[in-house]
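The values are calculated or read from the model by the stated rules, or taken from the named source; none is laboratory data. From a predicted model like this one, the values you see are computed outputs, not experimental measurements. Every residue, glycine as well, gets a Cβ built from its backbone with ideal geometry; the counts of neighbours run over all protein chains shown.
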Amino acid sequence: MKRPLCLLAILLSAAVCIYLELFLSDIIGSGPSLDDGSFVTVVGRVSSKEFRRDFQGRILPVIYVVPTKQENKNSKLIQCYLESGDYGLPAIGQYVEISGKVRAFQAPTNPGEFDSRLYYSTLKISYRLTNASVIKTVGAPNLYREKLYEIRCFFERALDRSLSEQDSAIMKAMILGDKAFMDEETRDMYRNNGIMHILAVSGLHISLIGMGLYELLRKLHLGKAATTMIPIVFMYSYGIMCGMGTSSFRAICMFSLRLLAPVVGRTYDVLTALALAEILLLLDQPLYMYNSGFLFSFGAVAGMTLILPALDLESVFENLTIRKMKFADDEMSFAKEILLKAADGLKSGGSILLATLPVYAGFYYTYPLHSLFLNLLVIPVMGILMMLGIITMLLGSFGSIIAIIPGVAVRIILSLYRLLCSSESLIRGSTWYMGHSEKWQILVYMIIISAFVWLKGRAGYKRFILIPLAILILTFHINPEMEINMIDVGQGDGIVISSTGHHILIDGGSTSNKSVGKYSIIPFLKYKGIGKLDAVVVTHEDEDHISGILEIMDDMEKGGIRIKQLMLPEVSAASRGDNYHKLEQRAGDLGIPVSYINSGEVFNLGKISFTCLNPALGMTSEGANAYSTVLFMEYKAAGKRGANRPFTALFTGDVEGEGQDYLKSVIRSSPAKYADLSLLKVAHHGSRYTTDEEFLSLVSPKIAVISCGRDNSYGHPHQELLQRLRDANVQVFRTDEIGAISITVNNGKVVIK
């Protein structure tokens with residue numbers, strides 16, 4: 001049998017996927033039996049250490065500890081963030097007694113949200129200690145790993161001396177695998193433009209450094225054994241120094257097999273080497289099947305090895321004009337060479353895209369189409385940049401003066417990268433918001449692409465129809481007629497309503513979840529494939545209703561999700577506070593039209609009708625809650641069953657006091673219209689001062705949803721309010737208990753998830 005390791009890798013991958021589908025919750029759900037926020041003392045061995053940014057943006061020393069009582073098992077690590085200023089780091093291999101506050105990794109409570117519990121489980125990290133301090137250190141260090149760590153720190157200081165802070169941070173990530181010093185803006189820039197891969201220690205590093213060393217030793221005639229083993233040991237040590245991620249391990253494993261093959265009289269085979277690397281990684285950690293870095297690394301190599309040869313377009317290019325044009329010989333050859341290299345680059349990028357598109361659809365939900373062309377400019381310069389970076393680092397070890405010339409060249413190339421990635425209109429215009437794909441879609445996509453590869457030489461160009469078919473199946477979504485999603489934003493509000501391709505956001509903010517827009521609302525919108533919001537309605541200006549909206553605006557400025565209109569309550573100038581004016585100013589800066597809404601005004605979203613019931617025009621109130629925008633929604637479901645039974649909902653913001661009194665007066669004016677309400681968004685996160693008995697009797701809601709933070713300091717929702725809802729026979733759903741709440745309407749049928 002040809003390539004038995006490839007067959008074994010496929011069978012192992014399938015078995016791991018089935019196993020994880022059946023038992024994933026048991027595997028990652030069996031976390032530490034420690035209370036989140038409790039203080040503990042741990043004794044264990046230091047396995048590694050590094051610097052990382054905490055949630056406040058501080059760069060802190062971090063050590064990874066294997067608890068002593070679990071040392072002989074397949075144990076998980078404890079990630080310990082040491083207190084700022086604690087520079088007496090224990091050596092790798094030593095035993096420590098360390099104390100700190102337990103921070104358990106949380107499962108996502110919204111679709112699209114980062115699953116920190118699963119991610120850290122793939123890294124074998126059980127939980128985190130913050131504000132940790134080392135009480136005692138004993139034992140001998142692991143000199144090999146400790147010296148590698150010291151060498152890494154030495155070279156990082158050399159880069160700091162030779163480059164600007166920003167350029168040094170990028171080169172630390174690129175050469176030494178240390179991304180701790182990169183700021184969020186730079187990370188986002190590389191990620192949003194689809195060139196984050198250049199910061200990973202992977203195949204390019206191994207080819208450049210490892211093969212360079214190998215060729216040097218061959219010229220020195222050191223003998224076959226030394227020429228082979230020295231580069232392998234050197235690259236393994238380099239991988240350990242850089243953190244040995246999955247892409248590093250894969251590249252080093254394949255590099256080692258490439259050098260060993262002629263020594264043992266075998267032919268090197270890329271797919272066999274790739275299969276062995278995958279088998280070794282999955283045997284060590286099956287959860288890598290849910291790690292995007294692992295999937296990207298192996299997918300890219302598989303794309304270049306399997307899909308690229310199947311994209312045999314050479315005969316097509318033979319008929320292109322560029323091959324028939326006849327200029328002067330020199331001009332012709334140069335133009336032809338450039339165009340053909342660009343075509344080859346696009347074909348390579350396309351093969352990697354086809355191989356990794358399921359990873360984008362399963363983890364990131366967007367794809368930067370312009371990255372195909374951007375990589376044509378970035379990748380050819382990448383080898384030069386790495387060599388210049390290594391030279392700068394080595395020369396900088398002796399002093400910054402002698403590293404000036406290569407340092408300037410590094411700065412020029414990185415400035416070129418920033419220039420290429422800085423076009424906000426390019427990013428917005430070419431970002432494909434594909435949305436989330438289900439696992440069955442990914443499986444069918446992979447089967448079809450595999451058939452495309454297998455049919456090479458059998459079905460001619462007819463097989464190319466399989467590519468758009470596979471992409472269509474992967475990214476096709478059947479959306480409900482109407483959908484309401486209450487995002488779990490913690491202590492705040494965030495509601496997305498969608499119908500017939502139109503989307504509206506009512507509020508978006510939190511006082512309990514930091515950066516709720518970046519980490520909850522925007523990922524949710526991407527998960528749903530929403531690249532623009534037809535309107536954003538701000539009920540009032542409190543922080544827990546607008547903080548995420550301001551973050552969406554910041555994202556829009558960088559080419560992210562677009563807001564087409566901002567709607568604010570039309571109240572008196574005296575009632576408009578600083579946040580109100582901040583929203584107006586920010587919208588003006590971004591060219592977002594601002595409209596003002598008051599009681600009686602009506603607007604539509606696709607087939608949905610919204611009527612504003614509060615505030616009264618020019619209303620003056622002491623607090624912002626009273627003037628909260630209240631929207632009454634009507635949706636007449638399609639189909640016979642729902643033809644005469646419209647779905648109605650009332651979105652109430654934080655309305656209370658005089659605002660609630662005015663709202664009740666409006667409802668009394670047309671009692672039949674507002675009675676038997678399908679859905680009520682309970683005001684002010686379930687405060688006892690809202691949603692009184694009279695109000696409930698006027699609208700008689702069937703379902704009530706409450707948005708509030710878990711264990712919030714306000715005690716929301718208050719028991720008095722919950723009792724009133726129970727007395728009124730209202731079915732209640734709360735984000736603090738069940739996370740995001742989805743209400744869909746199809747053909748008159750209402751489904752709540």
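Among residues of region 455-500 being out of contact with any helix residue (DSSP H, G or I) (no Cβ under 9 Å at 6 or more places or on another chain) and among the hydroxyl-bearing types (Ser, Thr, Tyr), the one that is modelled with the highest pLDDT is 498. Look at (1) without any contact (Cβ under 8 Å) to a residue 40 or more places away in the chain; (2) part of a strand (DSSP E or B) and you find that residue 44 fails only one, number (1).
Would you confirm, using the coordinates I've provided, whether residue 645 is over 28 Å from residue 543 (Cα atoms), touching a residue at least 24 places away in the same chain (Cβ under 8 Å) and part of a loop (DSSP other than H, G, I, E, B)? For residue 645, the condition - over 28 Å from residue 543 (Cα atoms), touching a residue at least 24 places away in the same chain (Cβ under 8 Å) and part of a loop (DSSP other than H, G, I, E, B) - is met. Scanning region 410-454 for residues that are among the acidic types (Asp, Glu) and either modelled with pLDDT under 90 or surrounded by 15 or more Cβ atoms within 10 Å (Cβ to Cβ) (or both) gives a single hit, 424. If the condition is being assigned to a loop (DSSP other than H, G, I, E, B), of a type in the set (Val, Ile, Thr) and in contact (Cβ under 8 Å) with a residue 40 or more places away in the chain, then region 667-711 contributes only 682.
Only residues that are touching an Asp or Glu at 6+ places or on another chain (Cβ under 9 Å), of a type in the set (Gly, Ala, Ser) and crowded, with 20+ Cβ neighbours inside 10 Å were counted across region 646-685, and they come to 3. The set of residues in region 712-748 that are in a strand (DSSP E or B) and either of a type in the set (S, T, N, Q) or over 30 Å from residue 107 (Cα atoms) (or both) comprises 731, 742, 744, 746. Whenever a residue of region 375-392 is more than 18 Å from residue 419 (Cβ to Cβ), its partners that are polar (S, T, N, Q), lying with C-beta atoms within less than 6 angstrom and at least six residues away or across chains, give the pairs 392/162. Taken over region 508-533, the criterion of being closer than 16 Å to residue 651 by Cβ and either among the β-branched types (Val, Ile, Thr) or out of contact with any Ser or Thr (no Cβ under 6 Å at 6 or more places or on another chain) (or both) is satisfied by 508, 533. In this structure, residue 204 does not satisfy being farther than 19 Å from residue 57 by Cα, modelled with pLDDT of 85 or more and not charged (D, E, K, R). Entry remark, region 460-474: residues being surrounded by fewer than 17 Cβ atoms within 10 Å (Cβ to Cβ) and among the small types (Gly, Ala, Ser) number 1 in total.
In region 170-193, the residues that are basic (Lys, Arg) reach residues that are part of a helix (DSSP H, G or I) and surrounded by fewer than 20 Cβ atoms within 10 Å (Cβ to Cβ) with C-beta atoms within less than 8 angstrom, at least six apart or across chains, in these pairs: 179/187; 187/196. In region 515-532, the qualifying residues are those that are among the small types (Gly, Ala, Ser) and crowded, with 22+ Cβ neighbours inside 10 Å, and the one that is farthest from residue 112 (Cα to Cα) is 517.
Filtering 649, 675 for residues that are under 27 Å from residue 624 (Cβ atoms), in the same structural domain as residue 496 (by TED's automatic domain parsing) and either at pLDDT below 95 or not aromatic (Phe, Trp, Tyr) (or both) leaves a single hit, 649. When we screen 457, 490 for residues that are surrounded by fewer than 17 Cβ atoms within 10 Å (Cβ to Cβ) and on the phi > 0 side of the Ramachandran plot, the only hit is 457. Annotation for region 714-724: no member residue is over 26 Å from residue 491 (Cβ atoms), surrounded by fewer than 16 Cβ atoms within 10 Å (Cβ to Cβ), of a type outside the set (Ser, Thr, Tyr) and in the same structural domain as residue 630 (by TED's automatic domain parsing).
In the set 196, 171, 244, 254, only one residue is within 30 Å of residue 115 (Cα to Cα), under 30 Å from the mean Cα position of the chain (by Cα) and buried (at least 19 other Cβ atoms within 10 Å of the Cβ); that residue is 171.
Screening region 595-617 for residues that are surrounded by fewer than 13 Cβ atoms within 10 Å (Cβ to Cβ) and not polar (S, T, N, Q) and picking the one that is farthest from residue 746 (Cα to Cα) gives 600. Determine, yes or no, whether residue 514 is over 24 Å from residue 568 (Cβ atoms) and touching a Phe, Trp or Tyr at 6+ places or on another chain (Cβ under 8 Å). So residue 514 fits the description; yes.
Give me the residue from region 475-485 that is among the aliphatic types (A, V, I, L, M) and touching a residue at least 60 places away in the same chain (Cβ under 8 Å) and, out of that set, surrounded by the most Cβ atoms within 10 Å (Cβ to Cβ). Checking each candidate, the answer is 484.
Within the span defined as region 434-454, every residue fails to be more than 23 Å from the chain's Cα centre (by Cα) and charged (D, E, K, R). The residues of region 146-160 that are buried (at least 19 other Cβ atoms within 10 Å of the Cβ) and over 18 Å from residue 91 (Cα atoms), listed by number, are 155, 156, 158, 159. Among the criteria (1) at pLDDT 95 or above; (2) surrounded by fewer than 19 Cβ atoms within 10 Å (Cβ to Cβ); (3) among the β-branched types (Val, Ile, Thr), the one residue 536 does not fulfil is (2).
Only residues that are within 18 Å of the chain's Cα centre (by Cα) and either of a type in the set (D, E, K, R) or farther than 25 Å from residue 601 by Cβ (or both): list them for region 549-576, please. Result: 551, 554, 555, 556, 558, 559, 560, 561. Do we find that residue 471 is within 22 Å of the chain's Cα centre (by Cα) and in a helix (DSSP H, G or I) in this structure? Answer is yes for this residue.
Identify, please: which residue in region 517-563 is touching a His at 6+ places or on another chain (Cβ under 9 Å) and not in a loop (DSSP other than H, G, I, E, B) and is, among those, farthest from residue 421 (Cα to Cα)? If we take residues in region 517-563 being touching a His at 6+ places or on another chain (Cβ under 9 Å) and not in a loop (DSSP other than H, G, I, E, B), then 544 is farthest from residue 421 (Cα to Cα). Residues in region 410-440 that are part of a helix (DSSP H, G or I) and either touching a Ser or Thr at 6+ places or on another chain (Cβ under 8 Å) or at positive phi (or both): 2 in all.
Being among the charged types (D, E, K, R), part of a helix (DSSP H, G or I) and at pLDDT below 90, is that true of even one residue in region 222-243? Yes, that holds for at least one residue.
Selection over region 1-30 of residues that are surrounded by 17 or more Cβ atoms within 10 Å (Cβ to Cβ) and of a type in the set (Gly, Ala, Ser) gives a count of 2.
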